[in-house]
Structure formats: structure tokens, C-alpha cells
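Written below as C-alpha cells is the structure these notes are about.
The values are calculated or read from the model by the stated rules, or taken from the named source; none is laboratory data. These numbers come from a predicted model, not from an experiment. Heads up, the Cβs are rebuilt from the backbone with ideal geometry, glycines too, and the neighbour counts pull from every protein chain shown. All accessible areas refer to the heavy atoms of the entire protein, side chains included, with ligands and DNA or RNA removed. Shrake-Rupley method; radii C 1.70, N 1.55, O 1.52, S 1.80 Å.
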Amino acid sequence: MTESKPSIERDAKGIPLKSHYPEGTNVTLLYSVMTIIITAIGTAIAYFSSYFTKSNIEKANSRIAVISQYDLGWLYLGIFLVGKLTLPIQISLGSARKASKAGLPDQHVYKVMGTSEVNSKLGYVLMENEGVHGAFNRAQRALQNYHENFPGVVVQYIAASFVSPRNAF
């Protein structure tokens, strides 16, 4: 027996009438709490997997000694913080997504441009750039820009941190 998903009510242009976020959701609080919980779980897994047995403790401590010897603690702290810098971008995107009501998996809202009453041909389909849908599209693009530049920033940061850890931080 196949169950069908309930259909989503949409306006005349196809945008859902209700956001996919539950009513009253504080996006900033939701994303912040999710980040804290995921970070805590990852940290606990890393800690207990590194310090579960005596041989693991010795290996972990010897690696930490190398990090300390080369003053690379700043590198690790910086990588951690750069990774967490997506949080404000994600909050901005989540807030814009909630306002625009563009649900997942939709990553942008498009609009047909350049239609003419005389000419029945449709214009190009471009991303909407006004109102809540324009704000959502810009927030989505900001996150994508971050993802596109992140690898290069991290590689440069690692290289600079090896020479001058504190200054690179």
C-alpha cells in the first residue's frame, strides 16, 4: 500500500502558502542549538575514541605534544572557528527561506522576465531579485560563495599557520 504525501497548498505563482518551518520557529535559536549539539556530540566522540584505552591515550598525547611543540594550537582553533563561521550565513539563509516560504529541495526562486503582451514568446528565466524571494536567493548565493571559497581559505590558513600560528589566527 502506497501512502501519498499531502499536497502543499500554493499561491498562483507556485510558492507554498506556508513555510516549511513550524509556526513560531526562531531560526537563530534553532540553528544555534543544532550547531552546539552537533559540535558537542563530535567532540565527545573524538575525546572518547582518543582516550578510551591506554594505548590510545599515549598516541593522542604524543600527537598533541607535536602540535604544542610547533605552536599549532592556533591552527586548530582557527580551523574550528572558520568551520563555525557558516552559522551566521546559515541563520541568514534559514530566516530568508522561512520568509520566502521556499521549501527544500528548492534552492532558488525563479521568475520569467521580459514577457511582452504583443509578443507571446516568454523571456528568459532568471532568479527573482526583489522582495522576500530576492532576499532568499541572495542568502542562498552567499552560502554558495562561502562554500566555493572555503577550501582555498583553509589551505592558505594552514600554510600561514605553520610559519606563524598566532599571527595567522
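Whether any residue in region 116-127 is in a loop (DSSP other than H, G, I, E, B), at pLDDT 85 or above and either among the hydrophobic types (A, V, I, L, M, F, W, C) or surrounded by 10 or more Cβ atoms within 10 Å (Cβ to Cβ) (or both) is what I want to check.
No, that holds for no residue.
Of 76, 51, 70, which residue is free of Cβ contacts under 8 Å to residues at least 40 places away in the same chain and either within 18 Å of the chain's Cα centre (by Cα) or open to solvent by 90 Å² or more (accessible area, probe 1.4 Å) (or both)?
After ruling out the rest, the residue left standing is 76.
Only one residue in 87, 75 is within 21 Å of residue 155 (Cα to Cα), modelled with pLDDT of 90 or more, assigned to a helix (DSSP H, G or I) and out of contact with any Gly (no Cβ under 8 Å at 6 or more places or on another chain). Which one?
Criteria check complete, one pass: 87.
Name the single residue, out of those in region 90-112 being in a loop (DSSP other than H, G, I, E, B) and not charged (D, E, K, R), that is surrounded by the fewest Cβ atoms within 10 Å (Cβ to Cβ).
105
Does residue 138 satisfy being open to solvent by 80 Å² or more (accessible area, probe 1.4 Å), part of a helix (DSSP H, G or I) and more than 30 Å from residue 25 (Cβ to Cβ)?
no
Mind checking which residues of region 1-48 are among the aliphatic types (A, V, I, L, M) and open to solvent by less than 70 Å² (accessible area, probe 1.4 Å)?
Within region 1-48, 15, 27, 30, 33, 40, 44, 46 meet the criteria.
Touching a Leu at 6+ places or on another chain (Cβ under 9 Å) and farther than 30 Å from residue 25 by Cα: does that describe residue 112?
So residue 112 passes the test.
Would you say residue 81 is open to solvent by less than 80 Å² (accessible area, probe 1.4 Å), aliphatic (A, V, I, L, M) and either out of contact with any Gly (no Cβ under 9 Å at 6 or more places or on another chain) or not in a helix (DSSP H, G or I) (or both)?
In short, yes.
Pull up region 141-169, narrow it to residues that are without any contact (Cβ under 8 Å) to a residue 60 or more places away in the chain and more than 22 Å from the chain's Cα centre (by Cα), then point me to the one that is surrounded by the most Cβ atoms within 10 Å (Cβ to Cβ).
Step by step, filter region 141-169, then rank; the result is 160.
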